[in-house]
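Scroll down for the structure; my scribbles are underneath it.
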Amino acid sequence: MGLVTPFALPQGSEPKPSIQGSTLTGLGQDSNHVKNTRCKKVIWVMGSSIVYWAARSACIRLGGKHLTLQDKNINILWFGVRGMRWKDFDPLFDNKLKSNPPPDYLVVHLGSNDLSILCGVELIHTIKDDVYSDEKKFH
């Protein structure tokens, strides 16, 4: 996994995502997505409501769900769950690995829903421990 650098969002449009309940997952998965990803870079964007709403917005804006990066052989998969907490990250990550190509880059926007339960320092330590253990899965 690596660092994601921002790109401009030019043009192009994608259909609206299908939404079930408060979960918006797997946006960016086309029927031929898995077999074509060997030559493509895959970015997973995971998190709570910010990711959920960003995915919905991306699908209806210029650039579409892949933010026009598909022209650069980059696919973006959005996994946004409203109300998601940090404890939900590993199970969701492991579940998505079963049916999707592993990410080359992982963007996580998560933790704000935990601040009413955990103190900031405890949350930071939990996140660091989990990210370090998840990174080992790829080596």
Rounded to the nearest 10 Å², what accessible area does C59 show when all protein chains are kept and the probe is 1.4 Å? 0 Å²
Here P(r) for the range 41-110, Cα-Cα distances in 10 Å bins, as whole percents, is 21, 52, 25, 2
So how much slack lies between I117 and D71, counting 0.36 nm per residue of separation and subtracting their Cα-Cα distance, in nm? 12.3 nm
Report ³J(HN,Hα) in whole Hz for each residue of the range 107-118, in order, from the Karplus equation J = 6.51 cos²θ - 1.76 cosθ + 1.60 where θ = phi - 60°; Gly and Pro get x. 10, 10, 10, 7, x, 5, 6, 8, 5, 7, 10, 10
State, as an integer percentage, the relative contact order of the range 41-110 based on alpha-carbon contacts under 8 Å between residues 6 or more apart. 54 percent
Carbon and sulfur atoms: what percent of the 1.4 Å accessible area of the range 41-110 do they account for? 53 percent
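The values are calculated or read from the model by the stated rules, or taken from the named source; none is laboratory data. Bear in mind the structure is a predicted one, so any value in this text is a computation, not a measurement. Note: areas computed on protein heavy atoms with side chains; ligands, DNA, RNA excluded. Shrake-Rupley method; radii C 1.70, N 1.55, O 1.52, S 1.80 Å.
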